[in-house]
Amino acid sequence: MKSIVLAGGCFWGVEAYFNQLKGVVDTSVGYVDGNMKKPTYRQVCDGYATHTEACQVFFDEAEITLDQVLEHFFRIINPFSINRQGHDIGRQYRSGIYLDDMLDESHVLKFMKNYFGDDFSKVATKIRPNLDYDLAEEYHQDYLKKNPGGYCHVNLGLAKKDEVK
């Protein structure tokens with residue numbers, strides 16, 4: 001099993017999207033790439049904590065590859081947008097790929113260069129090591145399962161029928 005932390009705007013939608021995919025074993029939402037340990041949602045929203053909202057995705061490489069995970073990620077975000085996804089605006093909505101194993105960095109970079117081609121230089125999504133992922137509060141975990149009518153900037157229908165559980 002492998003994991004990757006993906007920041008793509010509001011973490012509720014990113015988590016709900018990845019939870020529906022075959023090969024995704026587990027997810028959680030939290031905060032990454034910031035200035036303090038164990039920030040709260042309020043600290044992130046108020047700007048005291050400089051983290052981005054993120055989703056940790058645990059996946060079985062025998063069922064879904066890293067490339068497929070990345071392809072799904074770029075399906076649901078605007079990789080050219082800075083500090084914004086959908087109607088969500090602010091530093092905590094910046095996009096990023098946070099790696100547990102930096103040996104994957106060259107692979108991710110190669111994937112992105114192929115995927116975006118001539119537009120690669122315009123991509124705002126950063127690749128960084130996962131140094132400080134902290135779980136968000138319990139009420140954020142599986143939020144859209146608990147609150148089916150909750151706000152989501154992610155189009156959950158972008159996954160093809162043969163890709164969902």
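The values are calculated or read from the model by the stated rules, or taken from the named source; none is laboratory data. All values reported here derive from a predicted model rather than from experimental measurement. Heads up, the Cβs are rebuilt from the backbone with ideal geometry, glycines too, and the neighbour counts pull from every protein chain shown.
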Quiz item: Can you find even one residue in the stretch 137-160 that is among the charged types (D, E, K, R), within 18 Å of GLN68 (Cα to Cα) and not in a loop (DSSP other than H, G, I, E, B)?
Solution: no
Quiz item: What are the pairs, 6+ residues apart or on separate chains, where a residue within the stretch 129-147 that is in contact (Cβ under 8 Å) with a residue 12 or more places away in the chain has its Cβ under 8 Å from a residue that is surrounded by fewer than 13 Cβ atoms within 10 Å (Cβ to Cβ) and in a loop (DSSP other than H, G, I, E, B)?
Solution: ASP132/LYS37; ASP134/LYS37; ASP134/LYS38
Quiz item: TYR151 fails exactly one of the following numbered conditions: (1) buried (at least 16 other Cβ atoms within 10 Å of the Cβ); (2) more than 21 Å from ILE82 (Cβ to Cβ); (3) in contact with a His (Cβ under 9 Å, 6 or more places away or on another chain). What is the number of that condition?
Solution: (1)
Quiz item: Which of the residues belonging to the stretch 79-89 are in contact (Cβ under 8 Å) with a residue 12 or more places away in the chain and either of a type in the set (Gly, Ala, Ser) or assigned to a loop (DSSP other than H, G, I, E, B) (or both)?
Solution: PRO79, PHE80, SER81, ILE82, GLY86, HIS87
Self-check item: The listed residue being surrounded by fewer than 17 Cβ atoms within 10 Å (Cβ to Cβ), at positive phi and not basic (Lys, Arg), out of GLY90, GLY86
Solution: GLY90
Quiz item: Among PHE73, PHE58, which is the only one that is surrounded by fewer than 17 Cβ atoms within 10 Å (Cβ to Cβ) and aromatic (Phe, Trp, Tyr)?
Solution: PHE58
Quiz prompt | Residue ranges of helices (runs of 4 or more DSSP H) in the stretch 7-78 with at least 1 members without any contact (Cβ under 8 Å) to a residue 60 or more places away in the chain and over 10 Å from the mean Cα position of the chain (by Cα) | solution = 41-46, 66-76
Practice problem: Look at LYS145 and say whether it is at pLDDT 95 or above and surrounded by fewer than 18 Cβ atoms within 10 Å (Cβ to Cβ). | Solution: no
Quiz item: For the stretch 104-125, does any single residue satisfy the condition of being crowded, with 17+ Cβ neighbours inside 10 Å, within 17 Å of VAL14 (Cα to Cα) and in contact with a helix residue (DSSP H, G or I) (Cβ under 9 Å, 6 or more places away or on another chain)?
Solution: yes
